[in-house]
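The values are calculated or read from the model by the stated rules, or taken from the named source; none is laboratory data. Bear in mind that the values here come from a model prediction, so they are computed numbers and not experimental data. Here the Cβ positions follow ideal geometry from the backbone for every residue, glycine too, while neighbour counts run over all protein chains shown. Areas reflect the complete protein model, heavy atoms only, side chains present, ligands, DNA and RNA absent. Shrake-Rupley method; radii C 1.70, N 1.55, O 1.52, S 1.80 Å.
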Amino acid sequence: MDFVDVQVAGEKKYAKQDDIPIQYGTAGFRTKGNRLKHVIYRMGVLAAIRSACKNGATIGVMITASHNPEEDNGVKLVDPMGEMLGPEWEKYATEIANVPDKELGSALQALVKALGVASLSKSRVAFARDTRPSSPALAEALEAGIKTAGAQCQNFGLLTTPQLHYIVRCINTNGEYGKPTEDGYFEKLTGAFIKLRNMRKTKKMKTLESYNACLYLDAANGVGGGKVPVLQAKLGELLKINLVNDGSGKLNHDCGADFVKVQQKPPAGVSLAPGQRWASFDGDADRIVYYFLGVTDKKFHLLDGDKIATLVAGYLKDLVQETGLSVNLGIVQTAYANGSSTSYITDTLKVPVACVPTGVKHLHHKAQEFDIGVYFEANGHGTALVSDSSYALLQKSVKDTKLIEKQREACDLLLCVIDLINQTVGDAISDMLLVEMILAGLDWDVEQWNKAYTDLPNRQLKVKVKDRSVIQTIDAERKASTPPGLQNAIDDLVAQYTRGRSFVRPSGTEDVVRVYAEADSPTAADKLAYEVAVLVYKMAGGVGEEPKAPE
Ligand code: NG1
Ligand code: ZN
């Protein structure tokens, strides 16, 4: 096998645009869209090699930069079961993306030799893209990479990130997980949603009188916006979605899940009527947050990833109990989880909770240690994973006449809930249907959901430094081990605040250091975040203007 054609096309049409190094990070490669053509061409070839290493299983490639500004773009590889690329391959991706044009063929040659790959003719790659202006040209570069490498390729056009993950899993399980099409995706999710809503009715488990089937949704002007009408057509009256930021405005601009979570306010230009239930997707629809304006206090309340995780875990825990089966359940969070949510999980839900470093791969991996593992980042990315053995146990128990009818019913219900949950990755559409189903089943409105616990006021800031790698962290990113003295200084500040907590870490997707702080009042949280930001600026080589004191 040689890479002569790959080398020629690489030098001619997909030559490096600059020599700035780029790294495959927590969310793949991400930078300005006009810097990515060569990277994505090369990732087409790498995906073909990965497929060969997986005996010809289909590998997915998604072109998106998620919640980043419209002019950014990015690329992520999807492994055969729909999970993120195995971390051991991140270094190959980084190496191939950075190698000089003239050495591309030889670098690929060396890689296939080291991996023992003899041919790419049986390799398969499936890909999709989001709605960014730079995405079509990047998709062409990707297709060229896949085809020039000699692999087969399937272009799924515009998809949400989780839809592509779902399709990859369907293809590689020969349809066992579902039909490998967008239509198959909607059929599976809406089929489960409709069945669950009807099961609740026929079994008279709850009346649905106070559940308001009207949801207001901000699609961040992203790829999710175009998918909502398809979903709506299948749901009819069961859920009426009023869509804003459907894709006609600028992507992620003053809207979307990241904006709402970080700014702690509604998307620009929308006015919430008290009590209305609102949700925001991010640009590629793998994150969702809910929010509302209080009926009595008229204040903005955010129901973020932590609130979704506790709602889902509480519901699943009750259902598992009803089955009477021995199935353990756990929740996985990151340091960004609100302190109140962690206390609520431990003290009220009494469910084991684990904390891992930021990045879906860490959460997903940890969640797999439980029979049912619910994982959510505070920003709204998350899902619930069910182990193969627990799934098989439920399938067996649903028919087990030794169990009482109520137990068999609970097993049936739980199996159906699992069908509603995307098992590959966090999915805004699936999570939205899950939340809506649970609220309807519990007969809850947003106020009742929000009452579970009260978030500690919190603030996130960014600090620009010369080299963010000077900050290294330990203890699931909750402590900085370098530069020397920084953590002690943070600890001294935190000690001055009631219920204070703060940590800093280098971002994996932006050239900044992130600061998080929480305390017993918004003013205290803002002040603590500011003081810690100043410490980072002074002790970790801040550039540009010093952080500004809160007003
Ligand atoms: P970084 O930039 O490493 O903080 C952000 C999110 C992550 C994850 C990735 C991937 C926060 C604080 N960080 O990572 O949770 O979602 O983007 O998109 O929300
Ligand atoms: Zn996203």
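Accessible surface computed residue by residue for the stretch 85-128, with neighbouring protein chains in place and a 1.4 Å probe, gives 47 Å² per residue.
Cβ under 9 Å from Asp79's Cβ, Asp79 left aside: what net charge do those residues give with Lys, Arg +1 and Asp, Glu -1? Surrounding charge for Asp79 is +1.
Counting Lys and Arg as +1 and Asp and Glu as -1 over every other residue whose Cβ lies under 15 Å from the Cβ of Asp183, the net charge comes to +2.
Evaluated over the Cα positions of the stretch 4-158, the convex hull gives a direction-averaged projected area, one quarter of its surface, of 7.9 nm². In the context of the full set of protein chains, residues of the stretch 242-369 present 36 Å² of accessible surface per residue (probe radius 1.4 Å, heavy atoms only).
DSSP loop (so not H, G, I, E, B), at most 14 other Cβ within 10 Å: list which trypsin sites (Lys or Arg not before Pro) in the stretch 331-392 pass both filters.
Sparse-neighbourhood loop trypsin sites (Lys or Arg not before Pro): Lys350.
Our coupling estimate for the stretch 120-130, obtained by passing each phi through the Karplus curve with A = 6.51, B = -1.76, C = 1.60 and θ = phi - 60°, is 10, 5, 9, 6, 9, 9, 10, 9, 8, 9, 8 Hz, Gly and Pro reported as x.
Comparing Val332, Gln368, Val270 along the charge dipole axis of the stretch 270-419, the residue lying farthest to the positive side is Val270, per the Cβ-charge model.
Candidates Ala107, Leu159, Ser123 compared by Cα position along the dipole of the stretch 79-231: farthest toward the positive end lies Leu159, with charges placed on Cβ. In the chain, the calculated helix contribution to ellipticity at 222 nm averages -12500 deg cm²/dmol per residue, counting -39,500 (n - 2.57) for every DSSP H run with n ≥ 4.
Over 19 Å between Cα atoms: which of Lys188/Lys261; Lys113/Lys361; Lys227/Lys250; Lys361/Lys466; Lys317/Lys350 fall into that group?
Going by Cα-Cα distance, Lys188/Lys261; Lys113/Lys361; Lys361/Lys466 fall outside the 19 Å limit.
For the stretch 65-76, the Karplus equation 6.51 cos²θ - 1.76 cosθ + 1.60, evaluated at θ = phi - 60°, returns couplings of 10, 6, 8, 5, x, 4, 6, 7, 8, x, 8, 9 Hz by residue, with Gly and Pro reported as x.
Just the number please: accessible area per residue for the stretch 458-539, 1.4 Å probe, all protein chains included, in Å². Before the final figure, lay out the partial values.
On the way: 3860 Å² over 82 residues.
Heavy-atom SASA per residue in the stretch 458-539 reads 47 Å².
Around the amide H of Val289, modelled in the peptide plane, lie the amide H atoms of Ser280, all under 5 Å away and 5 or more residues distant in sequence or on another chain. A cut-off of 5 Å between modelled amide H atoms, ignoring neighbours fewer than 5 places along the same chain, links Asp72 with Gly33. On full extension, the segment bounded by Glu71 and Glu88 gains 3.2 nm, given 0.36 nm per residue less the C-alpha separation. Here's how it looks for Gly426: its modeled amide H is under 5 Å from those of Gly382, which are all 5 or more places away or on a different chain. In this simple spin-label model, placing a label point 7 Å from the Cα along the Cα-to-Cβ direction at both Thr346 and His253 gives a separation of 4.5 nm. FRET efficiency for the Glu103 to Met81 pair, using the beta carbon distance and R₀ = 22 Å, is estimated at 0.10. Of all aspartates and glutamates in the structure, those lying under 19 Å Cα to Cα from Lys12, and not within fewer than 8 positions of it along the same chain, are Asp2, Asp101, Glu103, Glu140, Glu143.
Across q = 0.11 Å⁻¹, the chain modelled as identical point scatterers on its alpha-carbon atoms has Debye log10 I(q)/I(0) values of -1.02, in the order of the q list. Rounded to the nearest Hz, the phi-derived 3J(HN,Hα) couplings of the stretch 231-237 under the Karplus curve 6.51 cos²θ - 1.76 cosθ + 1.60 (θ = phi - 60°) are 5, 4, 4, 7, 8, x, 6, where x marks glycine and proline.
Using a 1.4 Å probe over the heavy atoms of the protein chains, calculate the carbon and sulfur portion of the accessible area of the stretch 95-232 as a whole percent. That fraction is 52 percent. Atom-type composition of the exposed protein surface of the stretch 458-539 places 50 percent of the accessible area on carbon and sulfur (1.4 angstrom probe).
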